[in-house]
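The values are calculated or read from the model by the stated rules, or taken from the named source; none is laboratory data. The structure presented is a predicted model; accordingly, all values stated were derived computationally and were not measured. Here the Cβ positions follow ideal geometry from the backbone for every residue, glycine too, while neighbour counts run over all protein chains shown. Just the protein is used for accessible areas: all its heavy atoms, side chains included, with ligands, DNA and RNA removed. Shrake-Rupley method; radii C 1.70, N 1.55, O 1.52, S 1.80 Å.
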Amino acid sequence: MLAMFIRGEVPIVASDHAPHADWEKDKPYDEAPPGIVGLETTAPLLLTLWRRGFTDLGTVMRAIQERPAKFLGFNMGIRQGSCADLTIVNTKARHRIEPERFRTKAKFSPFKGFEVDVAVVATILHGKLAYLSEEHIDDTTRKLLENSLPH
């Protein structure tokens, strides 16, 4: 699957955010709810493939932004006078995935301890700040957000 993604053969990558608590996942296999949380890891993991030269940025962005938006019928692009829906990333924020620090109730991941090169800094939804990572934001981005978003 990874090789197919790198070649651009995976049209859409999406995360089904259905978090489960540890006690739910500790049940026997056939009783435990399926899946893992990928909301906080999908973009950093795939963008790390780009940063490390395994694929190009276009391949990543088409799979996690462009094609999903088109499939769901969302308007794309940033236009003056319209509410922004976007994610800001720091492409030089090397860090380890630490599930115990996730904001979701699911505090586990098969990527625990994996080092990534990119961090999501902020998410803006309908023109309002929905998420901010104090750990990975730089001063320039902080000032931009403070001056651009309604208070």
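Here are the numbers for this structure:
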{"quantity": "Residue match in the range 69-92 (condition: farther than 22 Å from HIS126 by Cα and of a type in the set (A, V, I, L, M, F, W, C))", "calculated": "no"}
{"quantity": "Residue selected from the range 6-34 under the condition open to solvent by less than 50 Å² (accessible area, probe 1.4 Å) and more than 24 Å from ASN90 (Cα to Cα), by the criterion modelled with the lowest pLDDT", "calculated": "ALA18"}
{"quantity": "Count - residues of the range 1-34 that are closer than 28 Å to SER133 by Cβ, in contact (Cβ under 8 Å) with a residue 40 or more places away in the chain and assigned to a loop (DSSP other than H, G, I, E, B)", "calculated": "8"}
{"quantity": "Residue in the range 51-70 that is touching a residue at least 12 places away in the same chain (Cβ under 8 Å), in contact with a Ser or Thr (Cβ under 6 Å, 6 or more places away or on another chain) and surrounded by 12 or more Cβ atoms within 10 Å (Cβ to Cβ) present", "calculated": "no"}
{"quantity": "The lone exception for TYR131 - which of (1) in contact (Cβ under 8 Å) with a residue 40 or more places away in the chain; (2) open to solvent by 50 Å² or more (accessible area, probe 1.4 Å); (3) in a strand (DSSP E or B) it fails", "calculated": "(1)"}
{"quantity": "Filtered residue count, the range 85-122, keeping only those that are without any contact (Cβ under 8 Å) to a residue 40 or more places away in the chain, open to solvent by 40 Å² or more (accessible area, probe 1.4 Å) and under 12 Å from the mean Cα position of the chain (by Cα)", "calculated": "1"}
{"quantity": "Among the residues listed as ILE137, ILE88, ILE124, ILE64, the single one being at negative phi, assigned to a loop (DSSP other than H, G, I, E, B) and not aromatic (Phe, Trp, Tyr)", "calculated": "ILE137"}
{"quantity": "Boolean, VAL37 is open to solvent by less than 30 Å² (accessible area, probe 1.4 Å), part of a loop (DSSP other than H, G, I, E, B) and of a type in the set (A, V, I, L, M, F, W, C)", "calculated": "yes"}
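The rows are residues; the columns are (1) touching a strand residue (DSSP E or B) at 6+ places or on another chain (Cβ under 9 Å); (2) acidic (Asp, Glu); (3) at pLDDT 90 or above.
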| site | (1), (2), (3) |
| --- | --- |
| ARG52 | no, no, yes |
| ARG67 | no, no, yes |
| CYS83 | yes, no, no |
| ILE97 | yes, no, yes |
| ALA106 | no, no, no |
| LEU144 | yes, no, no |
